[in-house]
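S.K.: I have a structure I would like to understand better, so I am pasting it below and will then ask my questions one at a time.
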Amino acid sequence: MDSLYVGLKEFPTEKVVLLCPQNYKKEVEAVKKDLEKFKIECHVINVKGETEIEIWEGVFMAVAQVRNSEKDREILVNVSTGDRVTRCAATSAAFVNGVKAFATSGELAMMLPVMRFNYYKVITDKKMEILKILNESGLSMHMDDLGKKIKMSLPLVSYHINGNMKSEGLKDMGLIDTTEEKGRVIIKLSTLGRLIVRGYVKNPEE
């Protein structure tokens with residue numbers, strides 16, 4: 001948590017929002033009390049889940065929540081606190097939402113480049129429909145079952161999944177994964193696909 005105080009020293013801070021996984025509650029409560037001594041407003045968002053995927057989704061949800069509630073303030077995400085999983089999740093959540101992030105090294109803070117991804121520009125209505133069906137169907141389906149569900153021929157489903165020379169498919173975008181089982185292709189929603197379809201990745205044009 002030393003990285004938190006490095007960030008506070010480097011950047012004027014009105015409020016701190018701590019994202020707290022379940023196994024860090026004692027440490028977070030101690031930090032909150034310290035911040036209160038310095039009259040810094042502090043809020044805690046509990047990140048639910050035990051698996052890496054659940055924690056990633058919880059961090060993305062929390063960053064989206066802060067982004068929406070603090071629209072009139074500049075937000076900085078400190079990606080050097082926490083463990084490996086939460087640091088990676090926080091960095092990715094900041095990048096795909098176009099939020100500024102920084103890392104610390106010793107007593108120095110370094111701003112990371114803002115990368116504005118707009119997946120929504122390349123996700124057509126049909127591709128989004130495929131993502132929603134996968135999300136509603138337990139995250140994975142056989143390709144032929146998906147075709148029946150969406151009322152689409154297998155070649156057309158394959159086009160949306162794999163793309164072609166002119167258009168990226170959902171697989172190349174990292175939104176779905178494919179495996180083969182007994183000669184049948186299984187389509188599975190990736191973590192990023194889940195985050196997008198559940199609204200935890202901001203559309204820059206909104």
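S.K.: Of the conditions (1) among the aliphatic types (A, V, I, L, M); (2) under 17 Å from the mean Cα position of the chain (by Cα); (3) farther than 19 Å from residue 122 by Cβ, residue 154 fails just one. Which one is it?
M.R.: All conditions pass for residue 154, except number (2).
S.K.: Are any of the residues in the stretch 162-177 assigned to a helix (DSSP H, G or I), modelled with pLDDT of 85 or more and surrounded by fewer than 17 Cβ atoms within 10 Å (Cβ to Cβ)?
M.R.: Of the residues in the stretch 162-177, the ones assigned to a helix (DSSP H, G or I) are 162.
Cutting the leftovers down to modelled with pLDDT of 85 or more gives us 162.
Filter once more, so that each one left must be surrounded by fewer than 17 Cβ atoms within 10 Å (Cβ to Cβ): 162.
Checked against the condition, which is being assigned to a helix (DSSP H, G or I), modelled with pLDDT of 85 or more and surrounded by fewer than 17 Cβ atoms within 10 Å (Cβ to Cβ), the stretch 162-177 yields at least one hit.
S.K.: So, one more: Looking at residue 110, is it assigned to a loop (DSSP other than H, G, I, E, B) and out of contact with any Lys or Arg (no Cβ under 7 Å at 6 or more places or on another chain)?
M.R.: On the way: assigned to a loop (DSSP other than H, G, I, E, B): no; out of contact with any Lys or Arg (no Cβ under 7 Å at 6 or more places or on another chain): yes.
For residue 110, the condition - assigned to a loop (DSSP other than H, G, I, E, B) and out of contact with any Lys or Arg (no Cβ under 7 Å at 6 or more places or on another chain) - is not met.
S.K.: Additional query: If a residue has to be crowded, with 20+ Cβ neighbours inside 10 Å, among the small types (Gly, Ala, Ser) and more than 15 Å from residue 19 (Cβ to Cβ) to count, how many in the stretch 66-106 make the cut?
M.R.: Counting residues in the stretch 66-106 that are crowded, with 20+ Cβ neighbours inside 10 Å, among the small types (Gly, Ala, Ser) and more than 15 Å from residue 19 (Cβ to Cβ) gives 0.
S.K.: If you check 36, 27, 54, 50, which single one turns out to be among the charged types (D, E, K, R) and at pLDDT below 85? First the steps, then the outcome.
M.R.: Numbers: 36 fails: at pLDDT below 85; 27 fails: at pLDDT below 85; 54 fails: at pLDDT below 85.
Among 36, 27, 54, 50, only 50 is among the charged types (D, E, K, R) and at pLDDT below 85.
S.K.: Condition check: touching a helix residue (DSSP H, G or I) at 6+ places or on another chain (Cβ under 8 Å), loosely packed, with under 13 Cβ neighbours inside 10 Å and free of Cβ contacts under 8 Å to residues at least 60 places away in the same chain. Does residue 153 satisfy that? Outline the logic, then answer.
M.R.: On the way: touching a helix residue (DSSP H, G or I) at 6+ places or on another chain (Cβ under 8 Å): yes; loosely packed, with under 13 Cβ neighbours inside 10 Å: yes; free of Cβ contacts under 8 Å to residues at least 60 places away in the same chain: yes.
When the stated conditions are applied, residue 153 passes them.
Quick grid of which residues meet (1) in a strand (DSSP E or B); (2) on the phi > 0 side of the Ramachandran plot; (3) not small (Gly, Ala, Ser):
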site: 66; (1), (2), (3): no, no, yes
site: 77; (1), (2), (3): yes, no, yes
site: 91; (1), (2), (3): no, no, yes
site: 98; (1), (2), (3): no, yes, no
site: 102; (1), (2), (3): yes, no, yes
site: 144; (1), (2), (3): no, no, yes
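S.K.: Ok, one more. Does the stretch 127-135 contain at least one residue that is under 17 Å from the mean Cα position of the chain (by Cα), modelled with pLDDT under 85 and not in a loop (DSSP other than H, G, I, E, B)?
M.R.: Scanning the stretch 127-135 turns up no residue that is under 17 Å from the mean Cα position of the chain (by Cα), modelled with pLDDT under 85 and not in a loop (DSSP other than H, G, I, E, B).
S.K.: Could we say that residue 57 is of a type in the set (Asp, Glu) and surrounded by fewer than 18 Cβ atoms within 10 Å (Cβ to Cβ) here? Steps first, answer last, please.
M.R.: Working: of a type in the set (Asp, Glu): yes; surrounded by fewer than 18 Cβ atoms within 10 Å (Cβ to Cβ): no.
Answer is no for this residue.
S.K.: When the residues of the stretch 157-180 are filtered to those that are of a type in the set (D, E, K, R) and touching a strand residue (DSSP E or B) at 6+ places or on another chain (Cβ under 8 Å), which remaining residue is farthest from residue 68 (Cα to Cα)? Spell out the reasoning first.
M.R.: The initial filter retains those residues of the stretch 157-180 that are of a type in the set (D, E, K, R), namely 166, 168, 171-172, 177, 180.
Subset that is touching a strand residue (DSSP E or B) at 6+ places or on another chain (Cβ under 8 Å): 171-172, 177, 180.
Values: 171: 29, 172: 29, 177: 30, 180: 40 Å.
Within the stretch 157-180, the match that is farthest from residue 68 (Cα to Cα) is 180.
The values are calculated or read from the model by the stated rules, or taken from the named source; none is laboratory data. Everything numeric in this text was worked out from a predicted model, so none of it was measured. We place every Cβ from the backbone using ideal geometry, glycine too, and count neighbours over all the protein chains shown.
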